[in-house]
1. How much length would be gained if the chain were fully extended between F106 and S292, taking 0.36 nm per residue of separation minus their Cα-Cα distance, in nm to one decimal?
2. Please compare each pair in K178/K222; K128/K178; K22/K74; K22/K241 to a cut-off of 28 Å on the Cα-Cα distance and tell me which ones are over it.
3. Between A204 and residues 5 or more places away or on another chain, which pairs have amide H atoms under 5 Å apart, with H built 1.01 Å from N, and which residues are they?
4. Roughly speaking, what is the centre-to-centre gap between the range 127-167 and the range 233-303 when only Cα atoms are used, to the nearest Å?
5. Using packing as a proxy for protection, rank 82-95, 157-170 so that the peptide with the highest average count of other Cβ atoms within 10 Å comes first.
6. Treat each spin label as a single point 7 Å out from the Cα along the C-beta direction, and report the L2 to A125 distance in nm.
7. Quick one: of the DSSP bridges fully inside the chain, what percent are antiparallel, nearest 5?
8. Could you give me the percent of Cα pairs per 10 Å distance bin for the chain, shortest bin first, beginning at zero and ending with the bin that holds the maximum distance?
Amino acid sequence: MLDITLNNLTKSFPRLDRPAIKDISFSVNKGELFGLIGPDGAGKTTLLRVLTTLLLPDEGLATVNGLDIIKDFKEIRKKVGYMPGKFSLYQDLTILENLTFFATIFNTTIEENYDLIKEIYIQIAPFKDRRAGKLSGGMKQKLALCCALIHRPTVLFLDEPTTGVDVVSRKEFWEMLKRLKEQGITILVSTPYMDEASLCERIALIQDGEIMSIDTPDNITKQFPDKLFAIRSDNMGKLLKDLRHDNLIKSSYSFGDSIHITLINDDQITISELQNKLNILGHKSIEIEIISPTIEDCFIRLMNKTA
């Protein structure tokens, strides 16, 4: 059963020279944790605003819980939870006041749906009388999630919920999402962090308003067509320049403390031969290894392919 469907959604803005989202189609199963993965400006926020009925699409159709995002927007707003990328709660209200306010808007109470938010709320309850504007990034994140859940939504939309919070809070947040999924809530979450892709059941890679690939994280990495090498040397700047000028190199890009490359004919050149070439060019302390591709490697390959 599908909880979210998109068919050829397109949305443009006058200030942009291309559509913010273009001809996007995919579906999200009921109870699925689905990730929308892409950098800033890729179209993630626009897409979520269209699905939560805050923006009208220029073209295409979409449904949430079987309801049309245009005709049934009032019903959709009652059924979904939305956590925008920017903290948008009332800064001068306390934690408890914010939560009570949002419960009242949806004609419910904190007590009625407390079982749903309990595990999250108990972490911020000791500070319930503190104003929201005085909270840390991680606490703001937990409060915003509580407010998005207080009316027990069937579908939860989260726009870059872990941006700007520490590593520990990011980890805790994804653990919370897994527990919410177990309660039958469908979750569509966007993130610019490629490492978070593996925490989703399925993902859509988005760039320049277009979907490049949709599948499970494992299947996307398995579709990487070439052997991937990680290379390091004593002069990484010169190494990248030399690799990019080598006619045997298919792709090369910096990746953390190494350079990832693929070869035009990876079955015709050995690591020893590649190392000898780099030795001749004056590189020292050369390290070369074959590695497994990550979601980020797959994203870079697809991005270069469509460029």
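Rule-based calculations on the coordinates, nothing more; no lab input. None of these values were measured; they are calculated from a predicted model. Positions of Cβ are generated from backbone atoms using ideal geometry, with glycine treated the same way; all protein chains shown enter the neighbour counts.
1. Numbers: separation 186, 0.36 × 186 = 66.96 nm, distance 4.75 nm.
Value of the extension gain: 62.2 nm.
2. Values: K178/K222 24 Å; K128/K178 25 Å; K22/K74 25 Å; K22/K241 35 Å.
Violating the 28 Å Cα-Cα cut-off are K22/K241.
3. The list, which skips near neighbours in sequence, is G35, L36, I37.
4. Centre-to-centre distance over Cα atoms comes out at 42 Å.
5. Details: 82-95: 16.7, 157-170: 18.3.
Averaged packing, sorted descending, gives the order 157-170, 82-95.
6. About 4.1 nm, to one decimal.
7. Working: 33 of 51 bridges.
Within the chain, antiparallel bridges account for around 65 percent of the total.
8. 6, 24, 27, 21, 13, 7, 2, 0
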